[in-house]
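Nothing in this text is a laboratory measurement; each read-out follows from the coordinates by a stated rule. All values derive from a computational prediction rather than experimental measurement. Here Cβ is always computed from backbone atoms with ideal geometry, including for glycine, and neighbour counts include all displayed protein chains.
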Amino acid sequence: MYLFRRCSLFIAIQLLNKVEANSDTKYVEVGKTAVLSPGPVTDPSIKTMTWKHGSDIAVELIDNEINPYRQFKGRTHLNNVTGELTITGVTRTESGSYTSEINDKVTTRTTQLLVISPVPKPTVSTRCDQERTSCTLICKGNTTDAEPITYSWKSGDMTRNSTTHYEYIITKEEKEPWFSCALQNPVSYNSSDQTPNPFKPVNSSNRYWIFILVPIAALILCIMFVICRIRASRRGMFRMGQSQQDTFSSLIQEEMLKGCLKRD
């Protein structure tokens, strides 16, 4: 009896390993291209081939003619040498199990296609206890249709191990100046902006330079404004003086003309 159980367990493990070896999980980003392989092709030529999505026929090859069905029309290519199926612009409706038949023989490989969205750029929010002895950093981002997600935290030059937990707790003893989080799934990666350590005060030297540079910038703007006004005023005075000079010249010419007429 004991020997029978051992043999049954061995057979079950071997069958499970065989199924896993012939199973392929493929993650593809929404809108990208998926290439599905039937596995090694032993026949010298492919005369007929069928790819199924679940129990429904997606594409079939008969007499060198490729026939796609339903949403696969106009978006698929079937390689009649390798048997690979290419689907362009994949959507979440294409997710599922894919199997194939070559020359009326079912292939051994099953491909599980999972179409997911890319991860967004996350943000970090901070929540501290009343005594401010510890703070919780929270990595936020809309991960709908983007699973599975892993989170990682970076502080200074140190990267924390990836985890499925979106919170990170720090205490007063934490010396790093800033923190950031990252979201990752099998098709994408995105990280947040740096968030200052809530236990570290803002660098006083930075404040010092702000107090100096802001008044200097305001003074420069005032000087530029005064210079512009002076230049504009000078242009106006020049035009006025030119106009007065032209009027005076006209009066002199009129007087000279009158004098000449009286002599005649």
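Output the pairs from LYS26/LYS140; LYS121/LYS154; LYS32/LYS105 with a Cα-Cα distance over 19 Å in this structure; if there are none, say none.
LYS26/LYS140; LYS32/LYS105
Can you sort TYR69, TYR166, TYR151 from fewest to most other Cβ atoms within 10 Å of each residue's own Cβ?
In order of increasing Cβ crowding within 10 Å: TYR69, TYR166, TYR151.
Taking the simple approach of a point 7 Å from Cα along Cα-to-Cβ for both LEU213 and LYS200, what is their distance in nm?
Between LEU213 and LYS200, the label points sit 1.9 nm apart.
Sort TYR189, TYR98, TYR168, TYR27 so the one with the fewest other Cβ atoms within 10 Å of its own Cβ comes first. Please report the intermediate quantities before stating the final value.
Numbers: TYR189 12, TYR98 23, TYR168 19, TYR27 16.
With the fewest neighbours first, TYR189, TYR98, TYR168, TYR27 line up as TYR189, TYR27, TYR168, TYR98.
Say each of GLN130 and GLU173 gets a label point 7 Å from the Cα, pointing the same way as Cα to Cβ; how far apart are those two points in nm?
2.5
Normalised by the residues of segment 117-227, what does the relative contact order come to in percent, with Cα pairs under 8 Å and at least six apart?
26
Specify which residue in the list PRO38, THR86, THR50 is farthest towards the positive end of the charge dipole of segment 23-113, using unit charges on the beta carbon of Lys, Arg (+1) and Asp, Glu (-1), about the Cα centre.
THR86
Tell me the label-point distance for the pair ILE227, ASP145, using the 7 Å Cα-to-Cβ offset, in nm and rounded to one decimal.
It is 5.7 nm.
Taking 0.36 nm per intervening residue step and subtracting the Cα-Cα distance, what contour gain separates LYS26 from ILE57 on full extension?
Value of the extension gain: 9.2 nm.
Restricting to Cα pairs below 8 Å that are 6+ residues apart, what does the relative contact order work out to for segment 23-113? Please round to a whole percent.
Relative CO of segment 23-113 lands at 41 percent.
Please name which of THR195, ILE170, THR144 has its Cα lying farthest along the dipole of segment 117-227 towards the positive end, using unit charges on Cβ (Lys, Arg +1; Asp, Glu -1) and the Cα centre as origin.
Going by the charge dipole, the pick is THR195.
Within a Cβ distance under 15 Å of GLU65, other residues only, what is the Lys/Arg minus Asp/Glu net charge?
In short, 0.
List TRP153, TRP51 from most exposed to least, where exposure is judged by having the fewest other Cβ atoms within 10 Å.
Taking fewest neighbouring Cβ atoms as first place, the list is TRP153, TRP51.
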